[in-house]
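Peer 1: Next up is a structure, given as structure tokens.
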Amino acid sequence: MKFTMLHRQNRQNGMALILAIGFLAILSILGAIVLRVATQDMSDSAVTMPNQRAIYAADRSIEYAMNRDIIMNLAIYNSINLVSDYVREADGTFVPGNITHKAVIDASGPGSLLSGTVTDVGPSVLPPHLAAIHGSEFGANVYHVNVKTTSIGASKPVHIDASIVRLFKLDDDQIFRTSGGG
């Protein structure tokens, strides 16, 4: 009888080994899936990151194009080349060091400006959807910004062509008087 009991115990030990190997196989498959997803995400981000940097550079360029000094200088020059023109103060004098707008934009983050212009289209009436909100006491000054940027590793340059509307109160002689006669 002791022999039969020993034989039954050995059969149960073999079952535990089979279950352990089964769980190990399942965990190995799950680990391989997680590893594949993680490496795929990393390779996807390596492809999209340079393109995002180019988009961020374009966004920085447009934001920079609407700074006060550039808007004030548009009244004098009507158009500013963001690549080759030198940075000027609001009164039109050059910033010491003869720094180009491109140098300022490129130094503020990843990505590089390839071309860019800012043009003062001039004052106009408010677009209908804005006039419905603000009424007839406001006017608008329209600026056209055209930028092209890239980044190391980007698949193609990013080109943004935007019109920016700045509102001003019609009875206020001080606001935007120097930015196109608005």
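Peer 1: Scan segment 131-165 for residues that are assigned to a helix (DSSP H, G or I) and touching a strand residue (DSSP E or B) at 6+ places or on another chain (Cβ under 7 Å) and jot them down. Working first, answer last.
Peer 2: So in segment 131-165, the residues assigned to a helix (DSSP H, G or I) come out as 131-137.
The answer is 134, 137.
Peer 1: Yes or no: residue 45 among the hydroxyl-bearing types (Ser, Thr, Tyr) and either within 18 Å of residue 156 (Cα to Cα) or touching a Ser or Thr at 6+ places or on another chain (Cβ under 6 Å) (or both)? I'd like the intermediate steps shown before the answer.
Peer 2: Details: among the hydroxyl-bearing types (Ser, Thr, Tyr): yes; either within 18 Å of residue 156 (Cα to Cα) or touching a Ser or Thr at 6+ places or on another chain (Cβ under 6 Å) (or both): yes.
For residue 45, the condition - among the hydroxyl-bearing types (Ser, Thr, Tyr) and either within 18 Å of residue 156 (Cα to Cα) or touching a Ser or Thr at 6+ places or on another chain (Cβ under 6 Å) (or both) - is met.
Peer 1: Can you tell me which residue within segment 78-111, out of those that are outside any loop (DSSP other than H, G, I, E, B) and under 16 Å from residue 146 (Cβ atoms), is nearest to the chain's Cα centre (by Cα)? So that I can check it myself, show each step before the final result.
Peer 2: The initial filter retains those residues of segment 78-111 that are outside any loop (DSSP other than H, G, I, E, B), namely 79-81, 86, 88, 94, 100-107.
Checking which are under 16 Å from residue 146 (Cβ atoms) leaves us with 79-81, 101-102, 105.
Values: 79: 24, 80: 22, 81: 21, 101: 19, 102: 17, 105: 13 Å.
Per the stated criteria, the residue is 105.
Peer 1: While we're looking at this one, here's another question. Can you confirm whether segment 59-74 contains a residue that is surrounded by fewer than 12 Cβ atoms within 10 Å (Cβ to Cβ) and either touching a Lys or Arg at 6+ places or on another chain (Cβ under 9 Å) or among the charged types (D, E, K, R) (or both)?
Peer 2: The first filter runs over segment 59-74 and keeps only residues surrounded by fewer than 12 Cβ atoms within 10 Å (Cβ to Cβ), leaving 68.
So of that shortlist, the ones also either touching a Lys or Arg at 6+ places or on another chain (Cβ under 9 Å) or among the charged types (D, E, K, R) (or both) come out as 68.
Yes - at least one qualifying residue is present in segment 59-74.
Peer 1: Hey, another quick one. So residue 74 clears everything in (1) in a helix (DSSP H, G or I); (2) out of contact with any Gly (no Cβ under 7 Å at 6 or more places or on another chain) except one condition, right? Which one?
Peer 2: All conditions are met except number (2).
Peer 1: Only one residue in 106, 41 is surrounded by fewer than 17 Cβ atoms within 10 Å (Cβ to Cβ) and acidic (Asp, Glu). Which one? Before the answer, list the steps.
Peer 2: On the way: 106 fails: surrounded by fewer than 17 Cβ atoms within 10 Å (Cβ to Cβ).
Sole residue among the options that is surrounded by fewer than 17 Cβ atoms within 10 Å (Cβ to Cβ) and acidic (Asp, Glu): 41.
Peer 1: Follow-up question, since we're still on this one. Report yes if some residue within segment 93-116 is within 17 Å of residue 164 (Cβ to Cβ) and either small (Gly, Ala, Ser) or out of contact with any Ser or Thr (no Cβ under 9 Å at 6 or more places or on another chain) (or both); otherwise report no. Step through it out loud before you land on a result.
Peer 2: Step one: list which residues in segment 93-116 are within 17 Å of residue 164 (Cβ to Cβ), which gives 101, 105, 116.
Retained after the next criterion (residues that are either small (Gly, Ala, Ser) or out of contact with any Ser or Thr (no Cβ under 9 Å at 6 or more places or on another chain) (or both)): 116.
Yes; the residues of segment 93-116 include at least one that is within 17 Å of residue 164 (Cβ to Cβ) and either small (Gly, Ala, Ser) or out of contact with any Ser or Thr (no Cβ under 9 Å at 6 or more places or on another chain) (or both).
Read-outs: derived from the displayed coordinates by stated rules, not from any lab. Note that the coordinates shown come from a computational prediction; the quantities given were computed from them, not determined experimentally. Using ideal geometry, Cβ is built from the backbone for each residue, glycine included, and neighbour counts are taken over all protein chains shown.
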